[in-house]
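Down below is the structure, laid out as structure tokens.
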Amino acid sequence: MATTTLPIAPPQIRHQQCFIGGQWVDSVSGKTFATVNPATEEEICQVAEGDAEDVDLAVQAARNALENGPWAGMDARDRGGLMYKLADLIEQELDELAALETLDNGKPIRDARAADLPLVIDCLRYYAGYADKFHGKTIPVRGNFFTYTRREPIGVAGQIIPWNFPLLMAAWKWGPALAAGCTIVMKPAEQTPLTCLRLAQLAQDAGFPDGVINVVPGFGPTAGAAVVKHPGVDKVAFTGEYKTAQIIMRDAAETLKRLTFELGGKSPNIVFADADLEAAAAGAHFGLFFNQGQCCCAGSRLFVEESIHDKFVDKLVALSKDCKIGDPLDPETQQGPQVDKAQFDKIMEYIDLGNRQGAQCLTGGQRAGERGYFIEPTVFDAVTDDMAIATEEIFGPVMNILKFKDVDEIVDRANNTFYGLAAAVWTRDIGKAHHIARHVKAGTVWVNCYDVFDAAAPFGGFKMSGIGRELGEKALDNYLEDKTVTVALD
Ligand code: ADP
């Protein structure tokens, strides 16, 4: 995979319109909105602001492609072939896409190159291999009948994604949908539309027929809600806040849409005294600060066993002080800006709340620099279970350390949240590790590691962290309907 370590030139902005039915078009209203570079607070460019009329055109194009176009009659293996081709084109453009992601989102270029893009490519290849492997069953029934099942695409998939991993979230949603033979109307996040638009062009270059993939940039309550309410959309996959999911669920009730949700978390990361403390400290740091803390699975409740608390905290503080904040296009930078002013303000309010509620700020706690939405890596100690910083999702570079005494107490405390996305445990005692893995209510449990993602490993939430799973074989079910066919043999 080609990567460079040279200073990064600002990437070219090639697409600012809606991508509908294989064409680049302005929004019907002619309106545009600004996408902003979070490192400088300057506008990068204007992007078409889609709304209900644009979504309607996109749904028509998607339905037409689903029912009439070459996609409808394409051999499944050829469908997979297009996905492999798209993955190849992304790989050829890895550096440029990574730079575009960094420009629009603020994530360090080294992360975009080493994590986001390789995971995107892997995800598309993983699902490409599934395209020709949807097997129905023959079923023995009473009487002289032949019964079999077919697995058919669910139809037009409406996909609404957030801004924290713009390309990766697109890949997680396109992968299973395309493999299953669905067509897509995607609404990228308003903060970060640029890479998704570029991806749409690469899909066209790869040979996807017109209308299979449509991208309508715009805002949530307008373009997003239009996707959810449209009767021509068969299924909605959403990643974002649980409060938005509640609105989507209400909006989807009218048309009884199939829904899958990947939402937030307040994930417990549990460090026992018998753990490899160097590895645990590095893992706890990474598990919280990766992507500026803007991860739904961030280990944002760090439970540390009492007996090692002081020395462990010293290690964490040292790691945070060492972190290089700055221009995300600089390959040395480890932490970039938060994605926008709204997130920046929200995080600063939580820091203030942490201080006021009696947590002890050991390092950070301030804005970094004067331009851009940068926040110092912040570590709070003496956090208690009831504080706002321990119960609410902060989505920023704010680590919260809580003490615990023993294994009996920790499971209940870890589960004392309406979230259930992820959890981690650090210990050399395999029995303890499996005990936590079994009893913690979370869709993913990492043992002696954090944030290990793989296209083949399902990801999603218990409780209010989501409905359904993304990635892995299971995610394909979200995009398929089972049809039972019974034939009289008399
Ligand atoms: P965040 O607060 O992190 O931006 P959101 O849940 O608000 O998280 O946003 C995630 C995605 O959901 C974005 O693409 C956003 O535009 C979209 N969205 C927000 N509100 C709605 C809504 N009412 N209906 C559909 N999509 C929405």
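The values are calculated or read from the model by the stated rules, or taken from the named source; none is laboratory data. Everything numeric in this text was worked out from a predicted model, so none of it was measured. Methodologically, a virtual Cβ is constructed for each residue, glycine included, from the backbone with ideal geometry; neighbour enumeration extends over all protein chains shown. Please note that ligands, DNA and RNA were not included when accessible areas were found on the heavy atoms of the full protein model with its side chains. Shrake-Rupley method; radii C 1.70, N 1.55, O 1.52, S 1.80 Å.
Counting only residues that are surrounded by fewer than 18 Cβ atoms within 10 Å (Cβ to Cβ) and farther than 14 Å from G207 by Cα, how many does segment 65-74 have?
Total satisfying the criteria: 4.
Take the conditions under 30 Å from K324 (Cα atoms) and either surrounded by fewer than 24 Cβ atoms within 10 Å (Cβ to Cβ) or not hydroxyl-bearing (S, T, Y) (or both) and apply them to D95. Does it pass?
Values: under 30 Å from K324 (Cα atoms): yes; either surrounded by fewer than 24 Cβ atoms within 10 Å (Cβ to Cβ) or not hydroxyl-bearing (S, T, Y) (or both): yes.
Yes.
Results for (1) modelled with pLDDT under 95; (2) aliphatic (A, V, I, L, M); (3) touching a strand residue (DSSP E or B) at 6+ places or on another chain (Cβ under 8 Å), shown as yes or no for each residue.
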residue	(1), (2), (3)
Q338	no, no, yes
K346	no, no, no
I351	no, yes, yes
Q360	no, no, yes
E376	no, no, yes
V383	no, yes, yes
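Can you name the residue in segment 314-339 that is outside any loop (DSSP other than H, G, I, E, B) and of a type in the set (D, E) and is also nearest to E278 (Cα to Cα) among such residues? Spell out how you get there, then give the answer.
Within segment 314-339, the first condition is being outside any loop (DSSP other than H, G, I, E, B), and the residues that meet it are 314-322, 325, 335.
If we keep only those that are of a type in the set (D, E) as well, we get 314, 322.
Working: D314: 11, D322: 15 Å.
Taking the candidates together, the pick is D314.
Go through segment 179-200 and give me each residue that's among the charged types (D, E, K, R) and either more than 9 Å from the ligand (Cβ to nearest atom) or buried (at least 24 other Cβ atoms within 10 Å of the Cβ) (or both).
So in segment 179-200, the residues among the charged types (D, E, K, R) come out as 187, 190, 198.
Passing the criteria: K187, R198.
In the list W174, W163, which residue meets the criterion of being assigned to a loop (DSSP other than H, G, I, E, B), within 16 Å of the ligand (Cβ to nearest atom), at pLDDT 95 or above and under 20 Å from A115 (Cα atoms)?
Values: W174 fails: assigned to a loop (DSSP other than H, G, I, E, B).
Step by step, each of W174, W163 is checked, and only W163 is assigned to a loop (DSSP other than H, G, I, E, B), within 16 Å of the ligand (Cβ to nearest atom), at pLDDT 95 or above and under 20 Å from A115 (Cα atoms).
Of all strands (runs of 3 or more DSSP E) completely enclosed by segment 358-448, which ones contain at least 2 residues that are farther than 30 Å from A342 by Cβ and open to solvent by 20 Å² or more (accessible area, probe 1.4 Å)? Outline the logic, then answer.
Values: elements: 360-363, 378-381, 398-404, 422-426, 444-447.
Ranges flagged: 444-447.
For segment 227-253, enumerate the residues that are more than 8 Å from the ligand (Cβ to nearest atom), open to solvent by 10 Å² or more (accessible area, probe 1.4 Å) and closer than 19 Å to E53 by Cβ.
Scanning segment 227-253 gives K229, H230, P231, G232.
Scan (1) closer than 24 Å to A414 by Cα; (2) within 16 Å of the ligand (Cβ to nearest atom); (3) touching a Gly at 6+ places or on another chain (Cβ under 7 Å) for the single condition N291 breaks and write down its number.
Going through the list (1) closer than 24 Å to A414 by Cα; (2) within 16 Å of the ligand (Cβ to nearest atom); (3) touching a Gly at 6+ places or on another chain (Cβ under 7 Å), N291 breaks only (3).
Anything in segment 202-226 that is within 16 Å of the ligand (Cβ to nearest atom), part of a helix (DSSP H, G or I) and either more than 18 Å from the chain's Cα centre (by Cα) or of a type in the set (S, T, Y) (or both)? List them, or say none.
The answer is P221, T222, A223, A225, A226.
Among all residue pairs at least 6 apart or on different chains, which show Cβ distances below 6 Å where the first residue, located in segment 241-261, is free of Cβ contacts under 8 Å to residues at least 40 places away in the same chain and the second is part of a helix (DSSP H, G or I)?
Final answer for the pair search is D251/A225; D251/V228; D251/K229; A252/V228.
Would it be correct to say that G175 is on the phi > 0 side of the Ramachandran plot and surrounded by 20 or more Cβ atoms within 10 Å (Cβ to Cβ)? Let's see the steps before the verdict.
Details: on the phi > 0 side of the Ramachandran plot: no; surrounded by 20 or more Cβ atoms within 10 Å (Cβ to Cβ): yes.
Answer is no for this residue.
Pairs, please: C-beta under 7 Å, at least 6 apart or cross-chain, first residue farther than 19 Å from G466 by Cα and in segment 434-448, second in a helix (DSSP H, G or I)?
H435/V407; I436/V411; V447/A433; V447/A437; N448/A279
Quick one: in segment 330-343, which of the residues that are touching a Lys or Arg at 6+ places or on another chain (Cβ under 8 Å) and not small (G, A, S) is surrounded by the fewest Cβ atoms within 10 Å (Cβ to Cβ)?
Here is the first cut: in segment 330-343, the ones touching a Lys or Arg at 6+ places or on another chain (Cβ under 8 Å) are 331-336.
Still in the running and not small (G, A, S): 331-335.
Working: P331: 16, E332: 11, T333: 20, Q334: 18, Q335: 26.
The residue in question is E332.
If we scan segment 100-114, do we find a residue that is surrounded by 24 or more Cβ atoms within 10 Å (Cβ to Cβ), assigned to a helix (DSSP H, G or I) and among the small types (G, A, S)?
Checked against the condition, which is being surrounded by 24 or more Cβ atoms within 10 Å (Cβ to Cβ), assigned to a helix (DSSP H, G or I) and among the small types (G, A, S), segment 100-114 yields at least one hit.
Take F208 and decide whether it is farther than 21 Å from C295 by Cα and surrounded by 18 or more Cβ atoms within 10 Å (Cβ to Cβ). Walk me through how you get there before you give the answer.
Details: farther than 21 Å from C295 by Cα: yes; surrounded by 18 or more Cβ atoms within 10 Å (Cβ to Cβ): yes.
For F208, the condition - farther than 21 Å from C295 by Cα and surrounded by 18 or more Cβ atoms within 10 Å (Cβ to Cβ) - is met.
Kindly establish whether G264 is within 11 Å of the ligand (Cβ to nearest atom) and surrounded by 22 or more Cβ atoms within 10 Å (Cβ to Cβ). Explain how you work it out, then say what you get.
On the way: within 11 Å of the ligand (Cβ to nearest atom): yes; surrounded by 22 or more Cβ atoms within 10 Å (Cβ to Cβ): yes.
When the stated conditions are applied, G264 passes them.
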